[in-house]
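Colleague: Take this structure first; my questions come after.
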Amino acid sequence: MPPLLLKAETVSLACKKILLGVTGGIAAYKAAELCRLLVKAGADVQVVMTAAAQQFVTPLTFQALSGKPVLTSLWDAASGDGMEHIHLSRNADLLLVAPASADFLARLAQGRADDALSTLCLARACKLAVAPAMNHEMWAAAPTRRNLERLHEDGVQVLGPAAGEQACGEVGLGRMLEPVDIMSAVSGLLGVGALAGKRVLVTAGPTFEPIDPVRGLTNLSSGKMGYAVARAAAEAGAEVCLVSGATCLAVPAGVRRIDVQSAADMHRTVLAELPCDVFIAVAAVADYRVDAAAAQKIKKTADGLTLRLIANPDILAEVAALPDAPFCVGFAAETEQLAEFAEAKRLRKKLPLLVGNLAQDTLGQDTAELVLFDNQGQHRLPRAGKLTQARNLIAHLANQLN
Ligand code: C5P
């Protein structure tokens, strides 16, 4: 059995110049970790802090982490010609504001220029990304919604936020993305990594096949593996579209998600999203659907109920058979005889790469043991977290693709 060729690559931001704006919120302490990760990845980082940010973390912390004095004011007489707010973004690759408070987003949406960071944003000549962080009610509030809409129109990339427990003790959407997730989005935005410039289409999660307006047939897929694959592809610099059945997972940073319900919806959506360079079908697509779903709720009778099922289109096989087919990757969850069934499936669907796993060891879990099947043979990936496995898979396929 040949060994796996590549270890998952870590993000390299060598030669990239990043302006890291920090605004006033408790998540400012996480920006210190983000700064460390950016520097560790090789980026040249210049930190700019608002006055409120300095109430949470001192500029000295960021100076120590970035190796450079932090810009905190427009009125610093020591800075050359006093035009730092213009010069700084001229040779930067990205201006990243993390955390971005509700107040800062409002100022950004209005085009205010009343401190060093907002002026830099207005005067910038590089991409701008913001990672919002605020209480969930502030995030949901109508003025914040309006500001976000305006920022989208202005081409500002919005990373997150994530859902979960907040510093105030409440639970909801508004936490800043974790620094590692922001790193993935940054590598995607900067087009670095083994899949830079590639368009990757991923399916994930279960499908739901309606029986009547309130019932349906589905399966136990959690979507965790598909979401991890989408995230790993974005980390590797790809433009990623994730076509997802119902899950309760957050969209990975930098990934565009399209929600679907049935296999027919997924089929239609995938075909509409082509062409792409790589198609990774992780979804647990129902093989059958109910022939004619009832328009009204089916009433209970003593006689039982017989449903006629008809075959769904095989999305992966159809895409793989296209004349200009992308590099197609399939998943095979088997309950027995993994090697024979998986390799037979790979050949039948004409796939360069198929990922096999034992369904009972994987479904709904956070870890997986995988075997990759390709023209060179089998490559075993011993049990590890699904994100680690997804990164290994992406590294392997990038190697084959290139
Ligand atoms: O044939 P089987 O369902 O076992 O194949 C599994 C692989 O095919 C997975 O990659 C799955 O996402 C994909 N598939 C599909 N459309 C179907 C059934 C499976 O894309 N209708």
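Colleague: For the range 229-247, indicate whether the set of residues that are open to solvent by 30 Å² or more (accessible area, probe 1.4 Å) and in contact with a Leu (Cβ under 6 Å, 6 or more places away or on another chain) is non-empty.
Modeller: no
Colleague: What residue, among those in the range 315-333 that are near the ligand (Cβ under 8 Å from one of its atoms) and part of a strand (DSSP E or B), is most open to solvent (accessible area, probe 1.4 Å)?
Modeller: Ala333
Colleague: Hey, could you check the range 298-314 for residues that are open to solvent by 70 Å² or more (accessible area, probe 1.4 Å) and polar (S, T, N, Q) and say which is farthest from Gly364 (Cα to Cα)?
Modeller: So the residue we want is Thr301.
Colleague: Output yes when any residue across the range 263-271 is within 12 Å of the ligand (Cβ to nearest atom), touching a residue at least 60 places away in the same chain (Cβ under 8 Å) and touching a Leu at 6+ places or on another chain (Cβ under 8 Å), and no when none is.
Modeller: Yes, the range 263-271 contains a residue that is within 12 Å of the ligand (Cβ to nearest atom), touching a residue at least 60 places away in the same chain (Cβ under 8 Å) and touching a Leu at 6+ places or on another chain (Cβ under 8 Å).
For every residue, the table says whether it meets (1) in contact with a strand residue (DSSP E or B) (Cβ under 6 Å, 6 or more places away or on another chain); (2) buried (at least 19 other Cβ atoms within 10 Å of the Cβ); (3) at pLDDT 95 or above.
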{"position": "Leu6", "(1), (2), (3)": "no, no, no"}
{"position": "Ala31", "(1), (2), (3)": "yes, yes, yes"}
{"position": "Gln55", "(1), (2), (3)": "no, no, yes"}
{"position": "Leu60", "(1), (2), (3)": "no, no, yes"}
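Colleague: State all residues of the range 274-297 that are open to solvent by less than 50 Å² (accessible area, probe 1.4 Å) and in a loop (DSSP other than H, G, I, E, B); if no residue qualifies, say none.
Modeller: The answer is Leu274, Cys276, Val282, Ala283, Val285, Ala286, Ala294.
Colleague: Filtering the range 140-161 down to residues that are among the small types (Gly, Ala, Ser) and either open to solvent by less than 20 Å² (accessible area, probe 1.4 Å) or over 23 Å from Leu95 (Cβ atoms) (or both), which residue is nearest to the chain's Cα centre (by Cα)?
Modeller: Here the residue is Ala140.
The values are calculated or read from the model by the stated rules, or taken from the named source; none is laboratory data. What you see is a predicted model, and the numbers here were worked out from it, not measured in a lab. Heads up, the Cβs are rebuilt from the backbone with ideal geometry, glycines too, and the neighbour counts pull from every protein chain shown. Accessible surface is based on the protein model in full, side chains and every heavy atom, while ligands, DNA and RNA are left aside. Shrake-Rupley method; radii C 1.70, N 1.55, O 1.52, S 1.80 Å.
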